[in-house]
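Here's the structure we're looking at; comments come further down.
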Amino acid sequence: MSIQSGGVNQQSDEGAADQPFYDVKRSYERNYAEGPFGAFAQADASSRQTVTPSGGAVDTPFSFLGQPLRTPFGIPAGPLLNSAFTDAAFRMGFDICVYKTVRSRAWACNPFPNVLAVHPAAEDGFLEPGGTESDEGVLADDRYGRPISISNSFGVPSRDPDVWQPDMQQAIAHAGPGQLLIGSFQGSRVSGMDTAAYIRDHVDTAALLQETGAKVIEMNTSCPNEGKHRLLCDDPQLVGRICEAVKNEIGDIPLIVKLAYIPDDRALDRIIEATVAHGVVQGLAAINTISAKLVDAQGNQALPGEGRDRSGVCGNAIRPSGLDMVRRLDGMRSRRDLDFSIVGVGGVLDAQDFAEYRQTGADAVMSATGAMWDPDLGSKIARSLR
């Protein structure tokens with residue numbers, strides 16, 4: 001089915017079921033205040049999806065980082081902006097929900113628009129990380145279609161802790177049996193901040209998450225922190241120092257590190273050595289997005305504003321890269337006889353994609369773009385596991 005536009009103006013025979021729960025036609029602020037939309041907006045306590053054995057109790061045949069789960073599937077950090085979104089996601093059968101990445105301070109969102117439809121030239125719609133098209137320009141516009149790929153240009157906005165802490169507590173409390181709310185955070189580098197203060201900001205933010213009662217915490221190292229295009233995970237030594245300091249603060253709470261696509265095995269091995277092999281990290285999640293230059297039909301910059309010539313791309317376009325990272329992480333885990341969990345993320349649009357990630361080595365699987373455009377994806381995957 002073709003989707004000509006996102007949001008409330010979208011025309012579809014399926015109505016709300018075909019409307020993304022994050023409305024790409026509205027600003028981030030309006031989504032935060034008014035969302036979620038579509039079928040997620042109609043989800044209430046009576047619509048909670050369940051997977052039960054014949055006795056009627058909730059079946060939790062899976063486990064992830066010590067937490068019992070109905071299914072090892074959910075939505076990663078990004079589109080679940082607050083407890084209204086996570087409540088609806090749990091009710092729709094997404095059993096692992098990652099609360100939108102938070103910071104130690106309020107942080108503004110990039111200007112609207114933040115999401116565009118992305119159209120890689122390849123017939124399969126895939127995008128090669130660091131390839132010619134990624135550097136010279138990928139077409140992006142408002143023609144949304146299936147299989148869906150989109151831009152992600154938000155800048156990791158955050159409310160002040162006085163807002164997100166009580167809201168995250170509510171989100172945690174509303175997880176049903178066999179469901180898990182993960183708190184995601186990242187450090188915030190500001191002008192004049194040295195490395196010690198940057199590490200301290202991570203620790204302070206992790207402590208704020210710990211106060212909410214989060215049972216699992218994820219640290220985002222895969223959005224630009226050190227400069228225009230530099231990622232924190234490009235510096236394994238610094239990631240290791242931060243993780244050790246954070247782990248000393250949060251104690252026994254499992255810590256996941258979210259990674260970008262890392263093409264070089266030696267660089268990936270250095271990340272593993274500094275984190276899971278060092279005993280300070282219990283899980284690695286991969287991948288975030290793939291950076292690409294986005295252009296309109298005339299070859300001009302697609303997203304307005306300085307420094308926004310490039311954007312993260314997610315959805316169908318990045319599935320091969322996500323699978324490649326999971327495969328390599330699983331191989332390194334086996335060769336080094338390490339015990340850590342792998343979260344597979346990127347381009348999961350249906351139950352077959354979920355199964356491929358699991359077969360490749362993912363202990364849990366998550367979908368952001370796919371879930372946005374298919375509110376029943378969680379229940380579909382639950383049925384595939386019966």
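The values are calculated or read from the model by the stated rules, or taken from the named source; none is laboratory data. Keep in mind the model is a prediction, meaning the values are calculated, not measured. Ideal geometry is used to build each Cβ from the backbone, glycine not excepted, and the neighbour counts take in all protein chains shown. Ligands, DNA and RNA are stripped out before the accessible areas are found, and what is left, the full protein with its side chains, is counted by its heavy atoms. Shrake-Rupley method; radii C 1.70, N 1.55, O 1.52, S 1.80 Å.
Using a simple spin-label model with pseudo-atoms 7 Å out from Cα toward Cβ, ASP160 and ILE250 lie 2.5 nm apart. Taking a ≥ b ≥ c as the square roots of the eigenvalues of the Cα gyration tensor, an a/c ratio of 1.5 or more together with a/b no larger than b/c marks the range 74-197 as oblate. Long hydrophobic helices in the chain, taken as whole DSSP H segments with a C-alpha length of 30 Å or more on their own axis and mean Kyte-Doolittle hydropathy at least 0.5, are absent. Is the C-alpha gyration tensor of the range 180-285 telling us rounded, prolate or oblate? Criteria: a/c under 1.5 is rounded; beyond that, a/b larger than b/c is prolate, otherwise oblate. Oblate.
Find out how many positive minus negative residues lie around GLY315, taking Lys and Arg as positive, Asp and Glu as negative, among other residues whose Cβ is under 12 Å from that of GLY315. Computed value for this residue: 0. Near GLU218, the amide H atoms lying under 5 Å from its own belong to GLY183, SER184, PHE185, ILE256; only residues 5 or more places off or on other chains count, and H is placed 1.01 Å from N. Subtracting the Cα-Cα distance of ASP350 and GLN301 from 0.36 nm times their residue separation leaves 14.5 nm of extension gain. Average accessible surface for the range 128-214: 40 Å² per residue, computed with a 1.4 Å probe over protein heavy atoms with every protein chain in place.
Ligands, DNA and RNA are left out, and with a 1.4 angstrom probe the accessible area of the range 239-386 is 38 Å² per residue.
Highest mean first, the peptides 254-263, 160-169, 312-321 sorted by other C-beta atoms within 10 Å per residue fall in the order 312-321, 254-263, 160-169. Net length available on complete extension from LYS293 to GLU133 is 56.8 nm, with 0.36 nm assigned per residue and the Cα-Cα distance removed. Carbon-plus-sulfur accessible fraction, the chain (probe radius 1.4 Å, protein heavy atoms only): 45%.
With each run of n ≥ 4 DSSP H residues scored as -39500 (n - 2.57), what mean residue ellipticity at 222 nm is computed for the chain after dividing by its residue count and rounding to the nearest 500 deg cm²/dmol? So the helix-based figure for the chain works out to -9000 deg cm²/dmol.
Decide, for the range 140-221, between rounded, prolate and oblate: order the square roots of the alpha carbon gyration tensor eigenvalues as a ≥ b ≥ c, take rounded if a/c falls under 1.5, and otherwise choose prolate if a/b is larger than b/c, else oblate. The shape class here is oblate. Residues whose amide H falls under 5 Å from that of ALA285, counting only those 5 or more places apart or on a different chain, are VAL257, LYS258, LEU259, VAL343, with hydrogens built in the peptide plane. At R0 = 41 Å, how high is the FRET efficiency between GLN359 and ARG230 if r is their beta carbon distance? Nearest 0.05 is fine. Efficiency computed from Cβ-Cβ geometry: 0.75. Most tightly packed first, judged by the mean number of other beta-carbon atoms within 10 Å of their residues, the peptides 178-184, 377-383 read 178-184, 377-383.
Separation of the alpha carbons by more than 25 angstrom is noted, of LYS25/LYS258; LYS293/LYS380; LYS25/LYS100; LYS215/LYS247; LYS247/LYS293; LYS25/LYS215, for LYS25/LYS258; LYS293/LYS380; LYS247/LYS293; LYS25/LYS215.
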